[in-house]
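Data first, discussion second: the structure below is written as structure tokens.
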Amino acid sequence: MKFDRYLTKFYCFTLSTLLALSICLIGCGLVGCGNDDDDDDDDGAGGSAFDASTTLDTFANKVVLATYTDLDNKAGDLLSAVKVLAGNTNQASLGQAQAAWKATRKPWEQSEAFLFGPVDTQGLDPALDSWPVNKVDLNAVLASGQALTSASIDALEDTLKGFHTIEYLLFRDGDQRKAADIIPRELEYLAATTEHLKSKTAQLRNAWAASGENYAAEVADAGISSTIYKSQKDAMQEMVNGMIVIADEVANGKISDPLNEQDTTLVESQFSFNSITDFQDNIRGIQNVYMGKFSADGQGLNEFVNGKAADLDARFQTEVQSAIDTIGAIPDPFRDAIIGQRDAVQAAIDAVSTVQQTLENDILKLVLDSNFD
């Protein structure tokens, strides 16, 4: 049985998520959202129609493309650090590779607030981030005489490559792995799978870049020339649903599953003790999308929400920051906290669930009830 990240999260759509999506289908007459009939001068939520052009352009270029560019750059740094480690295997070079892994992890986890488009259709999410690691098969590959290259890694199951295979080879148990214990075959595997990861982050960046497949234009030009998003409402809805999916996964999968099962093998980023940072960065991804920012600020969804319901905007911003802070209050490492700090873990679940509920019940409804230019 393949335990990749999709099976681990069991496609974590809660009932409320499904109801929200059902509302979308019903409200769109089952033929597509945001058609020309929706674009009246006054929208159902009150006030004039909202021109989402700047919001969508900000999201596509200043959030998504900027995040993927940072991810690809940091993956390059990780590959360089791994090559140094392979050539000079000591504790200092191992520490630098470990730090580079954590730095690369950050933009990836924030990008999980928009797991749609090429990251989904091109199979890049599972290739980059499947877990738990299949240690049995990994050890079998290590023990074999199979050539280890980026191409041969590409042919392996997703649970034998990507972030968590690299994490396992670099860390084992926090940052306590001794460089002297890393055997040459592990270094060979590490170099090949890191090169493979870098190829996938480059593919993802290229998919959104204007110099590549330019998926960013499909989002930014929704309702104009986009072949994917027939209206601005379609694209705005996609943005909100992306945030709903990751809030649901964090609350009802990443945090809840290990807690409920009392099973540390279900903990994401368990070898590096990076789990809590991962979860916070997932919610920071929601914050980035909502506020329209990553490396630079732009116009986010918050401007649309604030113009319709200022109290909702203020409440949601507080809820998102509270979720980040409450996750951060869980004592490290998370794999121990699910046993000895259950109240702190449950508080984090509740805080993220609040974010999810507001997205589903209030913000998504606001988008569906509104008209856009």
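Assorted remarks:
- Within segment 259-271, the residues that satisfy the criterion of being assigned to a helix (DSSP H, G or I) and either buried (at least 24 other Cβ atoms within 10 Å of the Cβ) or of a type in the set (Ser, Thr, Tyr) (or both) are Thr264, Thr265.
- Hits in segment 203-227 - residues which are surrounded by fewer than 17 Cβ atoms within 10 Å (Cβ to Cβ) and of a type in the set (A, V, I, L, M, F, W, C): Ala210, Ile224
- Pairs with Cβ under 7 Å, 6+ apart, first in segment 302-324 and free of Cβ contacts under 8 Å to residues at least 40 places away in the same chain, second in a helix (DSSP H, G or I) and of a type in the set (Phe, Trp, Tyr): Asn302/Tyr290; Val320/Tyr290
- Out of Arg335, Arg315, sole residue that is among the basic types (Lys, Arg) and closer than 17 Å to Gly253 by Cβ: Arg335
- Residue count for segment 228-239, restricted to those that are of a type outside the set (Ser, Thr, Tyr) and buried (at least 24 other Cβ atoms within 10 Å of the Cβ): 5
- Of all the residues in segment 104-150, those that are under 30 Å from Phe59 (Cα atoms) and in a loop (DSSP other than H, G, I, E, B) number 7.
- Cβ-Cβ under 8 Å pairs, at least 6 apart or on other chains, segment 85-102 side more than 14 Å from Leu169 (Cβ to Cβ), far side part of a helix (DSSP H, G or I) and not hydroxyl-bearing (Ser, Thr, Tyr): Asn90/Ala179; Gln91/Ala179; Gln96/Ala81; Gln96/Val84; Gln96/Leu85; Ala99/Ala81
- Search result, residues across segment 228-265 that are among the charged types (D, E, K, R) and closer than 29 Å to Asn214 by Cβ: Lys230, Lys233, Asp234, Glu238, Glu249
- Every pair of residues 6+ apart whose Cβ atoms lie under 6 Å, when the first sits in segment 216-235 and is in a helix (DSSP H, G or I) and modelled with pLDDT of 95 or more while the second is surrounded by fewer than 21 Cβ atoms within 10 Å (Cβ to Cβ) and among the β-branched types (Val, Ile, Thr): Glu218/Ile228
- Segment 49-75 residues that are under 16 Å from Arg284 (Cα atoms), paired with ones that are in a helix (DSSP H, G or I) and of a type in the set (Lys, Arg) (beta carbon under 6 Å, 6 or more apart): Tyr68/Arg205
- Condition check for Asp51 on (1) surrounded by fewer than 23 Cβ atoms within 10 Å (Cβ to Cβ); (2) at pLDDT 95 or above; (3) within 21 Å of Ile244 (Cα to Cα): one failure, at (3).
- Residue within segment 256-279 that is in contact with a Ser or Thr (Cβ under 6 Å, 6 or more places away or on another chain) and of a type in the set (Phe, Trp, Tyr) present: no
- First in segment 354-373 and touching a residue at least 24 places away in the same chain (Cβ under 8 Å), second anywhere and of a type outside the set (Gly, Ala, Ser) and assigned to a loop (DSSP other than H, G, I, E, B), Cβ under 6 Å, 6 or more apart: Ser370/Asp43; Asn371/Asp39; Asn371/Asp40; Asn371/Asp43; Asp373/Asp51
- Top-ranked residue of segment 344-373 - restricted to ones that are closer than 21 Å to Pro258 by Cβ and β-branched (Val, Ile, Thr), ranked as surrounded by the most Cβ atoms within 10 Å (Cβ to Cβ): Val352
- Within segment 178-202, the only residue that satisfies the criterion of being surrounded by 19 or more Cβ atoms within 10 Å (Cβ to Cβ), under 30 Å from Phe59 (Cβ atoms) and among the aliphatic types (A, V, I, L, M) is Leu197.
The values are calculated or read from the model by the stated rules, or taken from the named source; none is laboratory data. Everything quoted here is computed from the prediction, not taken from an experiment. Counting neighbours? That spans all protein chains shown, and the Cβs are built from the backbone with ideal geometry, glycine included.
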